[in-house]
1. Restricting the range 604-613 to residues that are farther than 17 Å from residue 638 by Cβ and outside any helix (DSSP H, G or I), which is nearest to the chain's Cα centre (by Cα)?
2. Looking at the range 221-232, is at least one residue out of contact with any strand residue (DSSP E or B) (no Cβ under 6 Å at 6 or more places or on another chain) and at positive phi?
3. Scanning for something closer than 25 Å to residue 611 by Cβ, out of contact with any helix residue (DSSP H, G or I) (no Cβ under 8 Å at 6 or more places or on another chain) and either assigned to a helix (DSSP H, G or I) or at pLDDT below 85 (or both), does the range 514-531 turn up at least one residue?
4. Count, please, the residues in the range 577-603 that happen to be assigned to a helix (DSSP H, G or I) and either within 26 Å of residue 637 (Cβ to Cβ) or in contact (Cβ under 8 Å) with a residue 24 or more places away in the chain (or both).
5. If the requirement is being in the same structural domain as residue 511 (by TED's automatic domain parsing) and out of contact with any strand residue (DSSP E or B) (no Cβ under 8 Å at 6 or more places or on another chain), which of these qualifies: 580, 595, 651, 657?
6. Could you tell me whether the range 561-576 includes any residue that is closer than 27 Å to residue 487 by Cβ, at pLDDT below 90, part of a helix (DSSP H, G or I) and under 36 Å from the mean Cα position of the chain (by Cα)?
7. Which residue out of 282, 319 is surrounded by fewer than 13 Cβ atoms within 10 Å (Cβ to Cβ), assigned by TED's automatic domain parsing to the domain that holds residue 422 and part of a helix (DSSP H, G or I)?
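The values are calculated or read from the model by the stated rules, or taken from the named source; none is laboratory data. Computed from a predicted model, the values in this text were never measured in an experiment. Glycine also receives a Cβ, built like all others from the backbone with ideal geometry; neighbour counts cover every protein chain displayed.
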């Protein structure tokens, strides 16, 4: 867990980062398939066409309404040009063109409806967000003209005009409040829905085809570290930041268009100088941000490693206490925390450098408007209100052009998260493809009523070592097989192959279907849930009645666990620490009683049981008519098996009857 994962060698803003972003972001809005990016892009353009058309119709309606109800003086001073332009539009084909644009956009959505019919809500909410951005930018532009008239009224000492326009200004702010509220609510709600969908998609793929098992995320050289953090924290950060940044970028574009027109009428030199200033500042920020991506990526990984170390101690507290390993565990956890601090120190340094640069960039940007606009006022070319209007327009445009400069830390953290999710998605896709990859030999699996192995050559998943060679055996109905041999010779690996977890090698395995097999490891899995959930696992809790659960407990000599639990089967505890290993193993046999599989696989599943309870549970399997394969070392296990498979050195093996094997011991 402490080694750096070999997933991303270079951290930068490039096509690989963009491809990762599209692979994660697009499926919520449009399914991934061949040439789907073009379709997705076309739908985005169609959405923009529809929203722009609707915004135009709304602008025409609001302008005509305002001209009818607002004071004529206000309309003449603030929106005279807009009213005249709207009247010109109404007398031209422009209105019909906008209607046609809307119909074309709607037609594109109709053409792709079969693909997006289950995704209509995110498109509707995204369109609503864009419309609200248009609305709030229109309000902001209007506020600059109202502020200009207010200041001119003050300079001219026109008291009646000042109070009249102040009232209109307050009314404008009141109208803006619900728009701002909706603009705050919609991205949060869409982000929540997007996170729910994306998390479900990752969980479906993570648990599908046992990807969670094949990833082996706890290995030191794993391709993906801490998948839990990627599915929980990184997905949330991705959806929240994507929408936030999308809103900021689109708002910046609208702001740039709206206020550049205002600033251009005041001073062309100021507008061009502002563009050059912002471009240079952004370029410097992007260079620094490339370094921050790597540091933020490492910080996410190291924080997850530190948290995992603490969780590992919690999950193994009793074992550590028995070994008196507190000092060693503290050193290991402290070492992980030390790496967190060391990397965070680098993050502090780079963030400080960027913060100083951003402050310099921000402070220096306030001087040019005064240098250029104030002389125009002194010379009589502009009125006093133009000064505040141009300064406001300048700051709005600068903010729009400098979005990367001001947000580079957030963008770098976002890019690091995209890299982590992108690499996770890519590795899951690779594992999914491996299931159907036939470039390497694989053990074929056939489903049948009995267990039969034909010419099986079992290898490790990396194909570096042969564990068992040319294995042939069959198990009759209700027959039991005991697998024995020295540790490390492949006994458990053979069980994995029978269960379908490993298929590296050659030959054929015939076995009952997965639904008819139940696996009992040496330490049974105790899920997070009540006692009922523990007993019926992996089935749903409502599948069995309380009477059936009670019967299962009695059969495995666990009836007493209900005596001091008034909640009964609804009792909720940390069962892995409450039950001893022997109780956990008997509870696993209770699951067999309830599930009634045709076949059971026991990997030292009775190692913690006394002889009496071991005899009890194996007799139970016999009485239920279940065939089973066991791995174990106890001589008493021969009493419950007809055949013994002994794994020998050099990948060899032999089969004996239980009596023959017992005689040799």
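1. Per the stated criteria, the residue is 608.
2. Within the range 221-232, one or more residues are out of contact with any strand residue (DSSP E or B) (no Cβ under 6 Å at 6 or more places or on another chain) and at positive phi.
3. No, there is no match, as no residue in the range 514-531 is closer than 25 Å to residue 611 by Cβ, out of contact with any helix residue (DSSP H, G or I) (no Cβ under 8 Å at 6 or more places or on another chain) and either assigned to a helix (DSSP H, G or I) or at pLDDT below 85 (or both).
4. 16
5. The unique qualifying residue is 580.
6. yes
7. 319
Okay, residues lined up against (1) assigned by TED's automatic domain parsing to the domain that holds residue 230; (2) under 31 Å from the mean Cα position of the chain (by Cα); (3) within 24 Å of residue 225 (Cα to Cα); (4) surrounded by 17 or more Cβ atoms within 10 Å (Cβ to Cβ):
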| site | (1), (2), (3), (4) |
| --- | --- |
| 294 | yes, yes, yes, yes |
| 308 | yes, yes, yes, yes |
| 315 | yes, yes, yes, no |
| 375 | yes, no, no, no |
| 378 | yes, no, no, no |
